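The values are calculated or read from the model by the stated rules, or taken from the named source; none is laboratory data. Just so you know, these numbers come straight off a predicted model, no measurement behind them. Cβ: placed from backbone, ideal geometry, glycine included. Neighbour counts: every protein chain shown. Protein only, heavy atoms only, side chains kept; ligands, DNA and RNA dropped before computing areas. Shrake-Rupley method; radii C 1.70, N 1.55, O 1.52, S 1.80 Å.
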Amino acid sequence: MKLALIGFGQAGGKVVDEFLAFDGRIDGGFVESAIAVNSATVDLQGLEHVPQQNRVLIGQARVKGHGVGADNELGAHVTEEDIDEIQGAIDRIPVHEIDAFLVVAGMGGGTGSGGAPVLAKHLKRIYTEPVYGLGVLPGTDEGGIYTLNAARSFQTFVREVDNLLVFDNDVWRSAGESVEGGYDRINREIVERFGLLFAAGEVGRGDHIAESVVDSSEIINTLSDGISTIGYASETVDTSNGLLSSFTGDDGFDEGEATNRMTSLVRKATLGRLTLPCDVSSADRGLVVATGPPEHLNRKGVERGRQWLEDETGSMEIRGGDYPTTNRDEVGAIVLLSGVTDVPRIQQLQEVAIEAQETTESVRANAQDDFVALMDTGGELDALF
């Protein structure tokens, strides 16, 4: 699946930068073009893989390259003002060669949180290709303003995209990590899961052809609307038998073992840590992709995993396929659940955001009253002018 990636804000830009690195490492070929948009010059300068000509600075007239300070209303405003600057970079994308746009943003900050929905709306108005969002939720301990930003951005973003893929930082944070180390690891987790999904349908010259190809139309049909989450589980396998088998003619393949392994991995991917925890039975659609060395994949394992997920979700729209990878010694299962509706984290996010909004309004009102009381001299003093 060929994507045009657009990273919005600091978090979005870093994730897109990591997508480019990952695509190069696995020779995936799913990134057709990548753009980074930000209102802070220093964030754009810190990127390593996004081409310089594809880094777009917005809001210079308002914030002069210093960012919007977690004000996502301002982030939305400067995006609307400078949408032509962003469109200039998008015009260099060979849109006729892509299957979809993917707009990536952290939802707790200012630029990405406010600007990503604006850009998604703009893209949907101009292009016929699907526009997907990848939103990263802040941790619950990051503060009320970030939670409020995320809740308001979420409400808007999910309405403006064809599907919103979500990654919840709260589920993936580890105690004792440095801030930088934690975010770097989380970005790698994001990119591995979503990258393997989007790379699944891309076949290069000399690649092994999948037994059951997952093409872009199957991913697009699974991502038809709503909110999505991804699960992934993997297991290291012994790939050293390949050379020996070419001489002996014995490939040592155990179909029963391969089938059981894949079924187990599909269960682990579904019931383990999803990018956004949810009640699996609330999913409307799903996709199972088996990845790994071709000699360790078999159709029966994929089919049994797909059947298990169909039973677990109660949905008839569960697709399945495999993605052979010759440069990895892991067999894995990617499970995409789309159209999920029972998501406790989103409900909690909204409740905390409403409370934060009420508290903020109360504090502002009290502060205004206190200021008036502070400056009240009972008419004893006059201002200069």
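Among the residues examined, Tyr132 does not qualify as in a helix (DSSP H, G or I) and either open to solvent by 20 Å² or more (accessible area, probe 1.4 Å) or in contact (Cβ under 8 Å) with a residue 40 or more places away in the chain (or both). Among the residues that make up the range 200-216, is at least one of them at pLDDT below 95 and assigned to a strand (DSSP E or B)? Yes, the range 200-216 has at least one match. Considering the range 137-170, the residues that are polar (S, T, N, Q) and not in a strand (DSSP E or B) include one that is most open to solvent (accessible area, probe 1.4 Å), namely Gln155.
State which residue is farthest from Phe167 (Cα to Cα) when the search covers only the range 281-318 and only residues that are among the small types (Gly, Ala, Ser) and part of a helix (DSSP H, G or I).
Ranking the qualifying residues of the range 281-318, first place goes to Gly301.
Residues of the range 89-128 that are among the small types (Gly, Ala, Ser) and either closer than 29 Å to Ala353 by Cα or touching an Asp or Glu at 6+ places or on another chain (Cβ under 7 Å) (or both): Ala100, Ala105, Gly106, Gly108, Gly109, Gly110, Gly112, Ser113, Gly114, Gly115, Ala116, Ala120.
Scanning the range 353-373 for residues that are surrounded by 15 or more Cβ atoms within 10 Å (Cβ to Cβ) and either farther than 21 Å from Gly144 by Cβ or in contact with a Lys or Arg (Cβ under 9 Å, 6 or more places away or on another chain) (or both) yields a count of 2.
Candidates in the range 265-280 are the residues that are in a loop (DSSP other than H, G, I, E, B) and over 17 Å from the mean Cα position of the chain (by Cα); of these, the one that is farthest from Ile186 (Cα to Cα) is Asp279.
Matching residues to (1) touching a residue at least 60 places away in the same chain (Cβ under 8 Å); (2) surrounded by 10 or more Cβ atoms within 10 Å (Cβ to Cβ); (3) within 30 Å of Thr259 (Cα to Cα):
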position	(1), (2), (3)
Glu310	no, yes, yes
Ser338	yes, yes, yes
Asp342	yes, yes, no
Glu351	no, yes, no
Glu380	no, no, no
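Using the structure shown, decide if Val331 is touching a residue at least 12 places away in the same chain (Cβ under 8 Å), closer than 23 Å to Arg273 by Cβ and either of a type in the set (Gly, Ala, Ser) or in a helix (DSSP H, G or I) (or both). So Val331 does not fit the description; no. Checking Gly88, Gly114, Gly109 one by one, the residue that is among the small types (Gly, Ala, Ser) and without any contact (Cβ under 8 Å) to a residue 40 or more places away in the chain is Gly88 and no other.
With respect to the conditions (1) in contact with a helix residue (DSSP H, G or I) (Cβ under 7 Å, 6 or more places away or on another chain); (2) closer than 27 Å to Asp170 by Cβ; (3) without any contact (Cβ under 8 Å) to a residue 60 or more places away in the chain; (4) of a type outside the set (Ser, Thr, Tyr), Lys124 lacks only one, and its number is (2).
Table: residues versus (1) at pLDDT below 90; (2) touching a Cys at 6+ places or on another chain (Cβ under 7 Å); (3) open to solvent by less than 80 Å² (accessible area, probe 1.4 Å).
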position	(1), (2), (3)
Gly272	no, no, yes
Ala283	no, no, yes
Arg304	no, no, no
Arg328	yes, no, yes
Met375	yes, no, no
Leu384	yes, no, no
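Residues in the range 51-90 that are closer than 22 Å to Asn149 by Cα, open to solvent by less than 60 Å² (accessible area, probe 1.4 Å) and part of a helix (DSSP H, G or I): Val63, Asn72, Leu74, Gly75, Ala76, Val78, Thr79, Ile83. Being in contact with a strand residue (DSSP E or B) (Cβ under 9 Å, 6 or more places away or on another chain), over 24 Å from Val166 (Cβ atoms) and open to solvent by 10 Å² or more (accessible area, probe 1.4 Å) is the requirement here; does Ile93 meet it? So Ile93 passes the test.
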